[in-house]
Amino acid sequence: MRTVTTPLGRPDSAAPADERFRSLFAAHYPPVAAYAVRRLGRADGQEAAADVFAVAWRRLGTVPAEPDTLPWLYGVARNIVRNAERSRRGPGGRAAQGPPPPPGARGGRPHPGAAAGGAGGARGGARGPPPPRRPGHGDVLTRTRSG
């Protein structure tokens, strides 16, 4: 085994790990990146692939040897892609549909409680009061309790 030295002339014990990571990256980046790009699109997919290899670097001691390396990387990629898809959906669970509407807008139409100028009046762009409740449209708990 050859000894690699740092610029200060000391032996570098991380050199074998560095070489292992470089060969792992060279062999497996293209299929992992292709998977992530297929699922997320180009920009997000490339970022996800980079995250996969950041995990591989941090956990290099636990990355399985060939031929189990690529399936392990795909498992990491699957988790990272899922997290990216989940963050796209946001807290409401729906996919983002572009930028949020301007204050006071509701499906392209002004909210019934918004000021005529669309500025939201004294509330500074806040939406007006919610629309009145229709009879028979109570929340689930009310309907469940009343039978």
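Each value in this text was obtained by applying a stated rule to the coordinates, not by laboratory testing. In this text the structure is predicted, and so the values were computed from the model without any measurement. So basically every Cβ, Gly included, is an ideal-geometry build from the backbone, and we count neighbours across all protein chains shown.
Annotations
- Gain in span if fully extended, F21 to T69, counting 0.36 nm per residue against the direct Cα distance: 16.1 nm
- Packing rank of 55-61, 76-82, 39-45, where each peptide gets the mean count of other beta carbons within 10 Å, highest leading: 76-82, 39-45, 55-61
- Using the Cβ-Cβ distance between R88 and Y29 with R0 set to 30 Å, the FRET efficiency from 1/(1 + (r/R0)^6) comes to roughly 0.80.
- Derived scalar couplings between HN and Hα for segment 50-56 equal 4, 5, 4, 6, 5, 5, 4 Hz in order, rounded to whole Hz, by the Karplus curve 6.51 cos²θ - 1.76 cosθ + 1.60 (θ = phi - 60°), x for Gly and Pro.
- Counted residue by residue at 0.36 nm each, then reduced by the alpha carbon distance between them, the extension gain from L60 to N79 reaches 5.1 nm.
- Peptide ranges 62-73, 26-37 listed from the most packed, as the mean C-beta count within 10 angstrom indicates: 26-37, 62-73
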